[in-house]
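This report refers to the structure that appears directly beneath it.
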Amino acid sequence: MQKCRACDSSINPFMSFGKQPIANGFLAKDQFPKEYFFEMQVASCPKCGLFQLIEQPDKEMMFHGNYAFFSGTSSAMQKHFAGYAEMVKTEYLKEPDPFVVEIGSNDGILLVNFAQAGIRHMGVEPSANVADVARKRGVQTLNKFFNRETAVEIVAGQGKADAFMAANVMCHIPFFHSVIEGIDALLKDRGVVIFEEPYLGDVLAKTSYDQIYDEHVFLFSLTSIAYVFGVHGFELVDVHPQETHGGSMRYVLARKGMRPVSAKVGQFLKAEKDAGLDKPETYAKFKAACEKSKRELTGLLGDLKAKGKRVVGYAATSKSTTVLNYCGIGPDLLEYISDTTPIKQGKFSPGMHIPVLSNEVFAARYPDYALLLGWNHSREIMAKEQAFKRGGGKWVSFVPTVGILE
Ligand code: SAH
Ligand code: TMP
Ligand code: ZN
């Protein structure tokens, strides 16, 4: 029997997505023979509600000096993070000379807003290449993994923080309790914890199983966050649903009794019960929905190929690694994947080895169909790819349902 990574209860893996490679491990041909794979099984904990991977590759295999994800590649995300910074500044930084810490600060997309406002800040970012980009933009960055020790080091240098922030990284860290102990060591008494991550409720409702990949060792809900932080004396004081990454939740927590609790917390907790997030049947249904999605997507791509259509993938997102490997979609079905990130171009997609080429290649000779692997950026992509559509090109989508977009 497996044990929950947070509360040690027995958990049952309810589904496997098969052998999966490192989601951001875009690689050159000579690296194919040594590519690393792991069995991607998932479980939900009946006690604390935490949705989790059974196995996760070592962190150094995922986060390093060649990390392929640069937050700043999406202009919509830049705007989003400016709004996030504004909310923190106006709601939570009311004391003089505040100090904020962000983990997983990547290229500085959020912290640059604090740096430019002259607010004391520190980013914690283990992937050296993205951390360097942040430093060049004037964002103070510690090139380390965050844990209890890193927190103690920051306090020794800068004192305690008013706000601890994160986005799309808390769900990456398997040593969850060490992170919360670090937060506890780092924060002032009335300090706040603010982070946003893909929301389990959205993944289940939209069958967006591609949010499950090596980095995402957890998918959070209010139920699991309240439980795990509760162990360390913190409580949820507010929540704000977000549209980013196909449906995320921004959580605000504080030490118990230190801040008023918004009525939204109780409302969302009840909605999670109503949606059956605590019931095994919900996960059995999710599994069936993933299998149906796989059948329909491979069926549709197979039909297009049989008709002699040219189909390419659009945006070599981390998520696409799960879809392509789970469905067995390779270069026979997708000619290439168009992506704007220079470090991914000229390489091959993890596991299925589809070539990744620049957006200029896409624009030079439009295909008949493009599989929208970056569906979470669809508004931004649709706005900039109008010529593809005008020329008769069509989008194939698979979240929330498989089909050709009209
Ligand atoms: N916050 C950014 C980046 C998310 S990607 C955004 O939302 O766009 C996750 C980032 O977290 C990566 O840059 C990765 O290197 C970093 N990371 C992974 N484990 C970490 C840890 N233990 N502490 C701090 N950062 C970590
Ligand atoms: P994400 O979904 O994990 O944020 O990954 C974003 C990826 O999508 C990144 O590799 C860049 C790529 N991308 C494009 O190629 N074109 C675009 O217009 C956008 C918004 C993203
Ligand atoms: Zn648990």
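The values are calculated or read from the model by the stated rules, or taken from the named source; none is laboratory data. This is a predicted model, so every value here is computed, not measured. FYI the Cβ positions are ideal-geometry reconstructions off the backbone, even for glycines, and counts take in every protein chain you see.
In the range 358-369, what count of residues is obtained for those that are closer than 21 Å to Ala68 by Cβ and surrounded by 20 or more Cβ atoms within 10 Å (Cβ to Cβ)?
Quick first cut of the range 358-369, residues closer than 21 Å to Ala68 by Cβ only: 358-362.
If we keep only those that are surrounded by 20 or more Cβ atoms within 10 Å (Cβ to Cβ) too, we end up with 362.
Residues meeting the conditions: 1.
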Of the residues in the range 1-57 that are assigned to a loop (DSSP other than H, G, I, E, B) and among the polar types (S, T, N, Q), the one that is nearest to Phe69 (Cα to Cα) is Asn24
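Considering each of Lys389, Lys347, Lys384, Lys307 in turn, give the residue that is in contact with a strand residue (DSSP E or B) (Cβ under 6 Å, 6 or more places away or on another chain) and either within 16 Å of ligand 2 (Cβ to nearest atom) or on the phi < 0 side of the Ramachandran plot (or both). I'd like the intermediate steps shown before the answer.
Numbers: Lys389 fails: in contact with a strand residue (DSSP E or B) (Cβ under 6 Å, 6 or more places away or on another chain); Lys384 fails: in contact with a strand residue (DSSP E or B) (Cβ under 6 Å, 6 or more places away or on another chain); Lys307 fails: in contact with a strand residue (DSSP E or B) (Cβ under 6 Å, 6 or more places away or on another chain).
Criteria check complete, one pass: Lys347.
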Considering the range 133-167, residues that are among the basic types (Lys, Arg) and either within 20 Å of Asp184 (Cβ to Cβ) or within 11 Å of ligand 1 (Cβ to nearest atom) (or both), and then whichever is surrounded by the most Cβ atoms within 10 Å (Cβ to Cβ), we arrive at Arg148
Within the range 370-382, restricting to residues that are among the small types (Gly, Ala, Ser) and modelled with pLDDT of 95 or more, the one that is surrounded by the fewest Cβ atoms within 10 Å (Cβ to Cβ) is Gly374
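Do we have any residue at all in the range 57-71 that's among the basic types (Lys, Arg) and outside the structural domain of Lys160 (by TED's automatic domain parsing)? Reasoning before the result, please.
Pass one, the range 57-71, residues among the basic types (Lys, Arg): 59.
With the extra rule that they be outside the structural domain of Lys160 (by TED's automatic domain parsing), the set shrinks to 59.
Yes, the range 57-71 has at least one match.
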Counting only residues in the range 8-24 that are in contact with a Ser or Thr (Cβ under 9 Å, 6 or more places away or on another chain) and closer than 22 Å to Phe175 by Cα, the one farthest from ligand 1 (Cβ to nearest atom) is identified as Asn12
Per the filter on the range 81-132, residues crowded, with 19+ Cβ neighbours inside 10 Å, within 16 Å of ligand 2 (Cβ to nearest atom) and either in a helix (DSSP H, G or I) or over 20 Å from the mean Cα position of the chain (by Cα) (or both) are Phe81, Tyr84, Val130
